[in-house]
1. Determine the relative contact order of the stretch 4-150: mean sequence separation of Cα pairs under 8 Å and six or more apart, normalised by residue count, in whole percent.
2. Quick check on packing: order 117-123, 106-112 by the mean number of other C-beta atoms within 10 Å, highest mean leading.
3. Mind listing the phi-derived Karplus ³J(HN,Hα) values for the stretch 150-165, rounded to whole Hz, using 6.51, -1.76 and 1.60 with θ = phi - 60°, and x for any glycine or proline?
4. Give me the lysines in straight-line cross-link reach of Lys59: C-alpha distance below 25 Å, same-chain residues under 8 apart excluded.
5. List every residue whose amide H lies under 5 Å from the amide H of Ala2, counting only residues 5 or more places away in sequence or on a different chain, with H placed 1.01 Å from N in the peptide plane.
6. How far apart, in nm, are two points set 7 Å out from the Cα along the Cα-to-Cβ line at Glu26 and at Asp56?
7. Can you list, bin by bin at 5 Å, the percent of alpha carbon pairs in the stretch 137-251, starting at 0?
8. Can you spot the aspartates and glutamates whose alpha carbon is less than 15 Å from Lys302's alpha carbon? Ignore those fewer than 8 places along the same chain.
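Coordinate-derived values only; no laboratory data. Everything numeric here is computed off the predicted structure, so don't read it as measured data. All Cβ positions, glycine included, derive from the backbone under ideal geometry; neighbour counts span all protein chains shown.
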Amino acid sequence: MALRILAADYGDPEAVLQIVDQPVPEPDDGDVVVRVRSAGVNPFDAKQVRGLVGADPAKLPLSIGGEAAGVVHAAGASSGFRPGEEVVVYPATGAFAEFLVAPAAHVHRKPADLGFNEASALLLAGVTAADILATLELTADDVLLVHGGAGAVGSIVVSRAVTAGATVIATASPANHVHLRSLGAVPVAYDGDLLAAVRTAMPSPVTAVADTVGTDQAIDVSLALVPADRIVSIAAWGLTGEGITMVDGSTPASRRNRREAIAGLLDDAAAGRLAVEIGGTFPLQDTAAALSALGGHRPRGKLIIHP
Ligand SMILES: NC(=O)c1ccc[n+]([C@@H]2O[C@H](COP(=O)([O-])OP(=O)(O)OC[C@H]3O[C@@H](n4cnc5c(N)ncnc54)[C@H](OP(=O)(O)O)[C@@H]3O)[C@@H](O)[C@H]2O)c1
C-alpha cells in the first residue's frame, strides 16, 4: 500500500485535501512506476484544487502534483526503463504521492549530479520559460522586460535571456533585487509608477515582454512599451482582444521543442549553469500547508513535497 494526496472537492486546500492509502500502482506496457523522492509544488496545483482552472465534479477526486523526481520501482516491458534508475517525471499527474505512474514519454533520466529536490522543481517552470523565449524568438538585440523576474518561471526566463545575450530588466520586490542583479538583470520595483521606473532604469527601448504575473499593471505597462505581438504572458488569462500571446505549453511549437528543452534544462542544472532555488520542504501530509504558502509575498524558491 502507498500514501497519496487526493482533493475530495474543490476549495481551500486545508479543507479538501485528503491523504489516502491505496495499492502501489502496476505499470501498463509503456508505463513507469516511480517511487517519488521529491515533488515540486506549483501555483497551478493550488489553482486546480481551488477550482480556478475548472471545477468539473466528474473529475473528483483530483490527483494533484505536476512534477516529481524519484527512482523507477517497476517498468512496463516497452517503457525503455529499468527498476533502480533515477528519473524525473514531467508532466506528471498525481505527483504528491509515494508512488507515481506515468507514460514513459513523460519520464526523463535524472543526471547524477542533479539532486532530487532540484530535479523535481525544474521542469514545469523551465519548460514554460523555454516556451516564452521560443515564442518571443528572443535575440541578443532584444531588450526584454520580465514581470515577476524572481519567481520560479521568471528567474529561468531572466537567466536564459541573459545567456542568449539579451539586455534584461525585471520586476520584483526590493528584497529580490540583489538576486536579479546576480542573474544579470536590471531590477525594478513594481510598487509605484512602474512605467516611469522602467524608463528610468533602462534608457534603451524595451523590445519584448515576458509576463509571469498577469496583473493589470503588468499588462498596461507592457502595452505602453511594445506592440502586443511582442508580449507573451503565462498568467493574464482574463485578457480578450489585446493581441497578447498566451503560452500554456499546448502550442505546436512548445510541444515540438519540449524534449529538447527538457534535455537542455536537466544538463544545465546538473552542470550548475542554471540555479534551482529551493524555498522549503514539506512532508506529504502537509501538502495543504505547502499549497496555502504559495502566492502573495513569500521568500523566494520552489516549495517541495517529500513523501
Ligand atoms: N501558463 C502556463 O503554462 C504556466 C506555467 C507555469 C506557471 N504559470 C503561472 O505563472 C505564474 C508564476 O508562476 P511561478 O511558478 O513563477 O510563481 P512564483 O515562483 O510563485 O513567482 C511569482 C512571482 O510573482 C511576483 N509577484 C507577486 N505579486 C506581484 C505583483 N503584484 N506584481 C508583480 N510581481 C508580483 C513575486 O515576486 P516578488 O516576490 O519579487 O514580489 C514572485 O516572484 C503563476 O500564476 C502560475 O500559475 C503558468
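1. Across the stretch 4-150, relative contact order equals 26 percent.
2. 117-123, 106-112
3. 9, x, 4, 6, x, 4, 6, 4, 4, 4, 5, 5, 5, 4, 6, x
4. Partners within reach: Lys47.
5. Amide H neighbours of Ala2: Gln22, Val24.
6. It works out to 2.8 nm between the two label points.
7. Binned Cα distances yield the sequence 2, 13, 26, 27, 21, 9, 2, 0.
8. Partners within reach: Asp45, Glu67, Glu118, Glu277.
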